[in-house]
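The values are calculated or read from the model by the stated rules, or taken from the named source; none is laboratory data. Keep in mind that this is a model prediction, so the values were computed, not measured. Using ideal geometry, Cβ is built from the backbone for each residue, glycine included, and neighbour counts are taken over all protein chains shown. Protein only, heavy atoms only, side chains kept; ligands, DNA and RNA dropped before computing areas. Shrake-Rupley method; radii C 1.70, N 1.55, O 1.52, S 1.80 Å.
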Amino acid sequence: KNKVNGLVNEKSPYLLQHAHNPVAWYPWSDEAFEKAQKEDKPIFLSVGYSTCHWCHVMARESFENEQIAALLNRWFVSIKVDREERPDIDQLYMTAVRLLTGGGGWPMSVFLCPDGRPFYGGTYFPPRATGGRPGFAEIITAIHRAWGKKHGELKTTAGAVMQALEEASGKENEKLEEELSSKAYAQLVKDFDAKYGGFGKAPKFPSPGNLNFLLNYWYHAGEKQALDMVFTTLMSMGAGGMFDHLGGGFHRYSVDSRWFLPHFEKMIYDQSLLVCVYLDAYLVGKDEAFSQTARQTLDYMLRDMRHPEGGVYSAEDADSIDPHGSGEKSEGAYYVWTEEEIVKAIGTKAANVFCYCYGVEFEGNVANDTLDEFRGKNILSLVHNEERAAEKLNLDLQESTAILADSRKLLYKKRLERVRPHLDDKIITAWNGLVLRAFTKAAAIFSDTSLLQAAEDCADFIWNNLYDQASKRLWRRYREGSVGVDGQLDDYVFLIAGLLELYFVTQDVKWLDWALTLSETQNKLFWDDMQFGFFGVAPDSDVLIRLKGDHDGAEPAANSVAVSNLLKLSAITGDVRWRDKATRTVEYFSNTLNSYPSMLLQMLCSYEQLHGTHSQVIIAGDRDAEDTREMMATVFSSFQPDLIVLLADGAENQQRLSEFQPFIAELKPTDGRATAYVCRDFTCNEPITDPERLHSVLASR
């Protein structure tokens, strides 16, 4: 551990995990590229993140291996990148690896010419050839030889890859086809797993974007099956082992198709996006199970992932120190239990109920344990509910419910004695934008002032730490008092989306003004004047090609969220320039939308917003009056995708809004009572003073 390399002064927890490797790592820097060019050596680029299980495995096997490190140090210049800090670098080289191999993932291993052009790549490589995968030592030896003998051929490959990337980033606009949403819906129906919910076969990802699209599709097209697909998926995920039943929050994805066996890392973007989907499903179906899963996930975020000043950390690791023996780190060790431990912690009677409900078995409940990681261990997954337990074990329902609630509390407390997984404590602006939206939405639906405070603290944290008020630009990453990396498109658009949500709920004009300022900066930095749409990074970035992300991954594509934000800003301000940019962005992606609409589901939701009816509710009333608050609560208690909510408060907010749209100055309460004006496509219904009447008008569409 005494040796250090070029990563030792970095802030990224991922890079710091590698600062003591025998590999002579450099961060992404001019220095590394200059060295490669001066010595005419290829570059080995390794990209990952600090909570990634297979990244740890490759580090242990290869980057801590003195022999492999010696080969890398002799023949290559090695660069390490944290994909969460630099999604621009990750996106460029991941696109290249997919072109070269047809697949991708992390850790990503790419070999580059000294000028940064890629010629060979892959993901995880074992140290020696095994199971049909070439070994890392053999690969680097072969590439070193090829660099010596077939220099020209490798450079030709690199040139071809770059040309393909250039072509992919410059598309011709096509005319958008009709019925794109129905086409995407049909694709989701085809991929849907009717038994367990979710899409495709194992491994299964939570895919909040798919669910969000289906809720929108149900709302606009009245397709009941779309709603059933959402409910089935959310029920299965919330009951499965992918959900942490003791501490709240979701693990990254499920290795099997029934949401039982997870990869145990917890990412903050998953929590935020899933909370929003569970809240929407709760508004539609009024099922308490959905609100409970959302609340437990929010509790986890607030309790375990918050910086004291309000920003929210990035992730927790999949691996942790095994409390059952070796003291080594292993996957999921913090979360799994032996039956014996449960009996010891809560007593035999309670354990009978708990083990029956959560599928705990004496010899362990992980049947398909291919790597033999979970022998004798149990992953908690809700197999039977309180009613079934009461019937089966001859208890009354109140008793079984109380036993389960107490057992969860006791086991959670017991679990706190274990060593927690590693926390990646960097704070990413984009992801805090998603958090901000989740906290705000939940605060409005649950009328919860402490959640609203958490949302405002989160926004204040970004304003105070990650925003440069002079240049009006964002930083991407904060950690231990210092900021780094210029904000990228997703930092701007996710934060603007969060600020708009916060504005609708608080009607505090400073959040709207900040969203408008950031949107102006975003247009200046990222807009493509030639072909339209937004680049993922600013022109002063050090990547070879500025790409525009063309698919929703674990997070929605930034351009899709940009379209939604621009349409909302256009509706609030009456400024058609915003709407024009939104239209042109959708047109830029017409190629992808026509061929594979299910790749850009969030964009399709925004497209519906562009062409569908456009609703806003303006409430005239004193912001502190009980009847105004009741009207606002009514608006937030119904599922209304993309609704604009404005308050004519007879004060600062109304003045600011009427600067944009003069008619707002005229709106007043009726006979001293808070009054709602529901406007669709720029025509308003008659004024409404009764919350129940408002509820039924919003429900009709």
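Here are some notes:
- Taking amide H as placed 1.01 Å from N in the peptide plane, the amide H of Val312 sits under 5 Å from that of His307, each at least 5 places away or on another chain.
- Note on the stretch 452-507: with neighbouring protein chains present and a 1.4 Å probe, carbon and sulfur make up 42 percent of its accessible heavy-atom surface.
- Under the criterion of Cα pairs below 8 Å and six or more residues apart, the relative contact order for the stretch 181-269 equals 26 percent.
- The GluC sites (Glu not before Pro) found in the stretch 428-508 that occupy coil by DSSP, while having at most 16 further C-beta atoms within 10 Å, are Glu480.
- Sparse-neighbourhood loop sites, trypsin sites (Lys or Arg not before Pro) in the stretch 579-634 - DSSP loop, at most 16 other Cβ within 10 angstrom: none
- Length added when fully stretched, Glu630-Glu480, from 0.36 nm per residue minus Cα-Cα: 49.8 nm
- Reachable lysines, given that their alpha-carbon falls under 18 Å from the alpha-carbon of Lys201 and they are not under 8 places away in the same chain: Lys190
- Computed from backbone phi, the HN-Hα couplings of the stretch 389-394 come to 5, 4, 4, 5, 9, 6 Hz, rounded to whole numbers (Karplus: 6.51 cos²θ - 1.76 cosθ + 1.60, θ = phi - 60°; Gly and Pro given as x).
- Segment Ala470-Ser658, length gained on full extension (0.36 nm per residue, minus Cα span): 64.9 nm
- Whole-number accessible area per residue in Å² for the chain, which is evaluated in the context of all protein chains at 1.4 Å: 41 Å²
- For the chain: relative contact order, % (alpha-carbon pairs under 8 angstrom, 6 or more apart): 10 percent
- Here the accessible area of the stretch 555-597 is 44 percent carbon and sulfur, with a 1.4 angstrom probe and all protein chains present.
- A Förster radius of 45 Å, combined with the Cβ-Cβ distance separating Asp513 from Tyr596, puts the computed FRET efficiency at roughly 0.75.
- Distance from the alpha carbon centroid of the stretch 539-598 to that of the stretch 437-460 works out to 27 angstrom.
- Remark on the chain: Cys113, Cys276, Cys355, Cys357, Cys458, Cys605 stand apart, with no other cysteine beta carbon under 4.7 Å.
- All lysines inside 27 Å of Lys3 as judged from Cα atoms, apart from same-chain residues fewer than 8 positions distant: Lys11, Lys35, Lys38, Lys41, Lys80, Lys329, Lys426
- Rounded percent of accessible protein surface that carbon and sulfur make up, the stretch 343-402, 1.4 Å probe: 49 percent
- Note on Ala665/Met530: beta-carbon distance plugged into 1/(1 + (r/R0)^6) with R0 of 25 Å gives a FRET efficiency of 0.05.
- Summed side-chain charge close to Ile619 - residues other than Ile619 whose Cβ falls under 14 Å, Lys, Arg +1, Asp, Glu -1: -2
- Protection proxy ranking of 550-559, 321-330 - average other beta-carbon atoms within 10 Å, highest first: 550-559, 321-330
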